[in-house]
């Protein structure tokens, strides 16, 4: 059984089309993902000066849409998750939709009122750390001290992230700096190689943007995995887990059978 949690980040890739969103949930489930993740915001909460306000209005999910998508996910045996971008949406996700797991986006990592609310209402938090320093991560964590299970996700807030900026060794840094927490990776690179490597470095959760058509409108499709790639990513993660083993240094069962012969082959 695969130990690494795989989150298919649908985010805005449904482009405001509920039928497309439902299809994406089903395809992510078929590919083997554990969780489908959306984004929860209201365009009314976006500043009028924001150049993407019209886009947010197009792709925002109504309350009814959240309920509907969560139901579709449950019917397809995949967990529904979302990132709130305001205290208002966090309250809706936790109190109305009944979510106990919450994803905190990098942009909201220092949204202290949001963190304090989630700290009282969620059991599990996936915290993306794009644009942050160790000091800022510590500040965020100080407001999430009541969370039973917290995953720190290395993340680069570039869409797409250039290979030279991916800095996957930061996963190792996070492991050393925050030994109490499980470390993961939210991937914005093109392709699936970075996500695979992250598991070899110790990521316990991998979040990858997901689409069924990379030519659809929006900035995220180019860096998203399609169903074939997502299935391949999950296969490769499982292979990496097998290769990593349990870390205990001792002879394998097959090695034990040949120790005496191999060590006595040449005169000592």
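The values are calculated or read from the model by the stated rules, or taken from the named source; none is laboratory data. Since the structure is predicted, the reported quantities are computational estimates derived from the model, not experimental observations. In this analysis, Cβ positions are derived from the backbone assuming ideal geometry, glycine residues included, and neighbour counts consider all displayed protein chains.
Does residue 35 fit the bill of being crowded, with 18+ Cβ neighbours inside 10 Å and in contact with a helix residue (DSSP H, G or I) (Cβ under 6 Å, 6 or more places away or on another chain)? Answer is no for this residue. The set of residues in the stretch 56-107 being within 18 Å of residue 14 (Cβ to Cβ), free of Cβ contacts under 8 Å to residues at least 24 places away in the same chain and out of contact with any strand residue (DSSP E or B) (no Cβ under 9 Å at 6 or more places or on another chain) consists of 56, 57, 62, 64, 75. Name the residue that is farthest from residue 197 (Cα to Cα), counting only residues in the stretch 166-180 that are free of Cβ contacts under 8 Å to residues at least 40 places away in the same chain and surrounded by 14 or more Cβ atoms within 10 Å (Cβ to Cβ). The qualifying residue farthest from residue 197 (Cα to Cα) is 175.
If I filter the stretch 218-234 for residues that are surrounded by fewer than 16 Cβ atoms within 10 Å (Cβ to Cβ), free of Cβ contacts under 8 Å to residues at least 12 places away in the same chain and closer than 23 Å to residue 153 by Cα, do I get at least one hit? Within the stretch 218-234, none of the residues are surrounded by fewer than 16 Cβ atoms within 10 Å (Cβ to Cβ), free of Cβ contacts under 8 Å to residues at least 12 places away in the same chain and closer than 23 Å to residue 153 by Cα. For the structure I just gave you, tell me whether residue 110 is surrounded by fewer than 19 Cβ atoms within 10 Å (Cβ to Cβ), more than 18 Å from the chain's Cα centre (by Cα), closer than 12 Å to residue 40 by Cβ and modelled with pLDDT of 95 or more. It is false that residue 110 is surrounded by fewer than 19 Cβ atoms within 10 Å (Cβ to Cβ), more than 18 Å from the chain's Cα centre (by Cα), closer than 12 Å to residue 40 by Cβ and modelled with pLDDT of 95 or more.
Does residue 163 satisfy the criteria of being over 26 Å from residue 232 (Cβ atoms) and either exposed (fewer than 14 other Cβ atoms within 10 Å of the Cβ) or without any contact (Cβ under 8 Å) to a residue 24 or more places away in the chain (or both)? Considered against the rule, which asks whether it is over 26 Å from residue 232 (Cβ atoms) and either exposed (fewer than 14 other Cβ atoms within 10 Å of the Cβ) or without any contact (Cβ under 8 Å) to a residue 24 or more places away in the chain (or both), residue 163 comes out as no. In a residue-by-residue description of the stretch 230-244, the property of being part of a loop (DSSP other than H, G, I, E, B), within 18 Å of the chain's Cα centre (by Cα), over 18 Å from residue 162 (Cα atoms) and at pLDDT 95 or above applies to no position. Applying the criterion of at least 2 residues that are within 20 Å of residue 240 (Cα to Cα), within 16 Å of the chain's Cα centre (by Cα) and modelled with pLDDT of 95 or more to the strands (runs of 3 or more DSSP E) found wholly in the stretch 124-196 leaves 149-155, 182-187.
Restricting attention to the stretch 199-225, the residues that are assigned to a loop (DSSP other than H, G, I, E, B), under 16 Å from the mean Cα position of the chain (by Cα) and at negative phi total 6. The helices (runs of 4 or more DSSP H) located wholly in the stretch 1-93 that include 3 or more residues which are within 19 Å of the chain's Cα centre (by Cα) and farther than 18 Å from residue 106 by Cβ occupy 18-31, 63-75.
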